[in-house]
1. How much length would be gained if the chain were fully extended between T108 and D59, taking 0.36 nm per residue of separation minus their Cα-Cα distance, in nm to one decimal?
2. State, to one decimal in nm, how far the label point of Q160 lies from the label point of K231, with both points 7 Å from Cα in the Cβ direction.
3. How would you classify the range 4-232 from its alpha-carbon gyration tensor, with a ≥ b ≥ c the square roots of the eigenvalues: rounded for a/c under 1.5, else prolate if a/b is greater than b/c, otherwise oblate?
4. Give me, ordered by chain and number, the residues 5 or more places off V7 or on other chains with an amide H under 5 Å from its own placed amide H.
5. Testing the spin-label approximation: label points 7 Å from Cα along Cα→Cβ at D85 and A221. State their distance in nm.
6. So between A146 and Q27, what do we pick up on full extension, going 0.36 nm a residue minus the alpha carbon distance?
7. Where in the range 24-121 are there GluC sites (Glu not before Pro) that are in a DSSP coil and have at most 15 other Cβ atoms within 10 angstrom of their Cβ?
8. Using Cβ counts within 10 Å as a stand-in for footprinting exposure, how do R134, R105 rank, fewest first?
Amino acid sequence: MKLITVVCFMWRTAGGRHNHLYEYDVQYVNKLRSMLRRHLSLPHELVCVTDIPEGLHPDIRVVPTPVAVKDWPGMLRRLVIFREDAAELFGKRILLMDLDVVILRDITPLVDRPEDFVTWEPRLYYALKGQYSRYNTGFLLMDAGARPQVWSEFNLERAQRELGSKHEGVVDEQSWVTHILGPDETVWPWDGEVRSVRAPPNPQAARIVFFNGPRAPGMVAMQAEYPWIEKNWR
């Protein structure tokens with residue numbers, strides 16, 4: 001059985017627009033490791049792409065931010081997983097995961113599938129309106145080297161020119177992924193077992209919940225609103 005490399009990214013952005021609400025630090029990565037150990041039965045390892053590894057559990061493999069993307073703004077650096085040589089950096093089968101996540105129960109049925117590329121479609125709105133952010137790369141399963149055009153065709157000036165007007169001048173990696181790949185990729189549907197906390201989530205139906213936007217499972221306000229966070233985010 002092919003080893004799954006779960007890849008997450010951790011960095012700090014000075015002056016980030018949500019810094020006053022939360023900061024993704026080592027506790028998020030370490031808790032992701034614990035949740036995966038409980039809820040993913042397939043052989044896997046967790047890789048954290050970061051330049052601030054202090055405090056990470058020793059089981060977590062650290063990959064320094066590749067030089068090619070070190071100075072790219074925000075989440076664009078995650079496009080590095082689309083490099084043709086991604087298998088050398090990470091592994092042959094990659095599961096990209098955001099840190100703003102709570103795993104509620106076994107995600108093996110979501111991940112144990114044969115397609116070379118599967119991503120998440122978080123909202124019906126995107127499916128109906130054809131928005132550029134239809135694909136949410138916070139949960140993305142792929143064979144290393146699949147869809148290399150996402151990396152090879154990327155140019156920041158081009159992305160800003162073609163996408164910036166649709167996103168108030170801000171270009172993120174999921175907008176670019178959707179722009180390059182088009183609407184026909186395999187997805188976990190918005191109303192399935194992969195949920196956004198905006199949906200609203202249904203803990204009885206969901207296997208995994210992501211906290212899109214100015215929200216994070218570590219926020220006291222979120223934990224007060226959703227008691228299931230404290231039980232599962234550990």
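1. Values: separation 49, 0.36 × 49 = 17.64 nm, distance 2.03 nm.
Full-extension gain reported as 15.6 nm.
2. 4.8
3. Working: a/c = 1.23, a/b = 1.16, b/c = 1.07.
Judged from the Cα gyration tensor, the range 4-232 comes out rounded (a/c under 1.5).
4. Those lying under 5 Å, H to H, from V7 are V47, L95, L96, M97.
5. A separation of 4.5 nm, rounded to one decimal place.
6. Working: separation 119, 0.36 × 119 = 42.84 nm, distance 3.10 nm.
Gain in length upon complete extension: 39.7 nm.
7. On the way: sites: E45, E54, E84, E88, E115; in loops: E54, E84, E115.
Here the GluC sites (Glu not before Pro) that fit, given the DSSP loop and packing criteria, are E54, E84, E115.
8. On the way: R134 27, R105 15.
Starting with the residue having the fewest Cβ neighbours, the order is R105, R134.
Here, each number is a calculation from the coordinates, and none is a lab measurement. Please read all numbers here as calculations on a predicted model, not as lab measurements. Neighbour counts run over all protein chains shown; Cβ positions are idealised from the backbone, glycine included.
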